[in-house]
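I have placed the structure first, in the form of structure tokens, so that the comments after it can refer back to it.
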Amino acid sequence: MGKPTGFLEFERKASLKRDVNERKQDYNEVEKAYSKEQTTEQAARCMDCGIPFCHNGCPLGNIIPEFNDAVYEENWKLAYELLSSTNNFPEFTGRICPAPCESSCVLGINKPPVAIEYIEKSIIEKAFEEGWVVAHPPKVRTGKTVAVVGSGPAGMAAASQLNKAGHTVTLFERADQIGGLVRYGIPDFKLNKDIIDRRIAVMEEEGVIFKTNTNVGVDISAEKLEREFDAIVLSGGSTVPRDLAIDGRNLKGVHFAMEFLSQQNKRVAESKGKPVNQDKDHQGLPYANGDILAIDKNVVVIGGGDTGSDCVGTSNRHKAKSITQIEIMPMPPETRAASTPWPLWPMQLRTSTSHEEGCERGWSINTKEFVGDGNGNLKALKLVDIEWVRENERMVMKEVPGTEREVPCELALLAAGFLHPQQEGLLNDLGVEYDQRGNVNATKYQTSNEKIFAAGDMRRGQSLVVWAISEGREAARAVDEYLMGQSFLEAKSVSMISPQYLGV
């Protein structure tokens, strides 16, 4: 590597963040712009480790030591070429990926790992600044047409790759803007939506056709889709949220997290003068519950994951009276759990930028009832502490006697994840098969109908943005092979390390 002793000389320093009191007043990105000097120094920490386990930690197989070395040598253009060879949207992953590559960093065995995500974000921002990110339309078209249904990161990646192969690609989205949950699920303070728009502009110039406000299966029938396209990629995501079927669920003030988040993203877009449909949600479906605001309310977020954290940050910006996030599972350890040794993705406590802005957090808490005020409005939650015990070789939860209580709550946000894609409509009309979890069954990305493929959360279940991009790329390669008999699209490198060992 460029500086073999860098990991001994420099401490880890990732993205710098704006002051909490400042950033809570707006929806601008929490992280400050990258520093060329800081990035170069951090790249120097990448050690000559022999076997770069970070390759395996990254679902995209990014060639991380090589682009780190290029940054250290200040050959930024080479670093960009290396990064973009495996990752279509490093501007997304550099902002919202939890960086499983860092969990597999060899330096991370006994020191803080290399700040790979920060370096990745720095490279792509430098590339846009220098004008290196330009359209590369295919020189020859194959005459084949492909429909990609769903414009989240999996669909965008599939469309980008298939267009590169020379196919004519139409990307359908039933919402009013391209991006899926990256557009309407991730708050602007984590990912400014101008970042998506500049990438869409490049893809349009390359020849990808975008069709929004188009609900495939309704506006275009499944039969017509099959008839008019040579291949179809289903990338509509996992869209059926996990509900909480307890007393009081129908009270006014109990909402799914994504409805709350997508509304706010639309408000931010509208404040910037961008045309959005305020009457429809992130799936292009009508809002059923009017405006959802946390202003002066006691907010309880049910679910301890990233979506719940996004609800916390948004509620802080709404000036909520109080914000509590609860999780039914036990509190993770503050350091890597023994059950997830390096280089596995660690089970450990994570504190997000939203938590830093103010939030009470609780674990091993079960929600028993939504309590109303007699007029159909939510006024409190009935909670109880639980403990997890092993019975008949299974972990089961038991209530802790004497811990049942009511807590004030006028806004409860359900952030307990997603079950599977919406099956009614397009998927059932196409006759695709489902796996045991209700996802589209697509071995090697191909469904039971040979011309229909699936990628992303719709195929693998709710997952990370980096996995969605990987799925989209791999599905595109499978489609290209189906259409042409072979594919020259980049294939994900095959690791010498057991995937089972890495838990991927």
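Fewest-first ordering of His167, His136, His255 by other beta carbons within 10 Å of each residue's beta carbon gives His136, His255, His167. With the simple model of a label 7 Å out from the Cα in the direction of the Cβ, Asn277 to Glu369 spans 4.0 nm. Note on Lys13, Lys164: ascending count of other Cβ atoms within 10 Å places them as Lys13, Lys164, the fewest first.
The stretch between Glu404 and Ser35, if pulled fully straight at 0.36 nm per residue, gains 127.8 nm over its current Cα-Cα span. The ranking of Arg437, Arg477 from fewest to most other beta carbons within 10 Å of each one's beta carbon is Arg437, Arg477.
The label-point distance for Ala337 and Arg394, in a model that sets each label 7 Å from Cα toward Cβ, rounds to 1.9 nm. The convex hull of the Cα atoms of the chain, projected and averaged over all directions, covers 24.7 nm².
Need one number for the stretch 243-416: average projected area of the convex hull over its C-alpha atoms, nm².
Working: hull surface 51.2 nm².
That works out to 12.8 nm².
Note on the chain: with charges restricted to the Cβ of Lys and Arg (+1) and Asp and Glu (-1), its dipole about the Cα centre is near 100 debye.
Note on Lys297: lysines with a C-alpha under 16 Å away, same-chain residues under 8 apart excluded, are Lys252, Lys319, Lys321, Lys379.
Available extension along the chain between Asn110 and Lys451 is 117.9 nm, counting 0.36 nm per residue and deducting the alpha carbon span.
Under the simplified labelling scheme, the Trp132-Met484 pair shows an inter-label distance of 2.6 nm, with each label point 7 Å from Cα along Cα→Cβ.
Based on the Cβ-Cβ distance of Asn75 and Asp197, what FRET efficiency does E = 1/(1 + (r/R0)^6) give at R0 = 35 Å, to the nearest 0.05? E(calc), rounded to 0.05, equals 0.75. Using alpha carbon centroids, what distance separates the stretch 32-50 and the stretch 318-365, in Å? Measuring centre to centre over Cα atoms gives 28 Å. Stretching the chain fully between Asn213 and Ile246 yields a gain of 8.4 nm (0.36 nm per residue, less the alpha carbon separation). Secondary structure note: in the chain, about 40% of the DSSP beta bridges are antiparallel.
Any read-out appearing in this document is the output of simple, stated calculations on the displayed coordinates, not a laboratory observation. Predicted, not measured: the structure shown is a model, and the values here were computed from it. In this analysis, Cβ positions are derived from the backbone assuming ideal geometry, glycine residues included, and neighbour counts consider all displayed protein chains.
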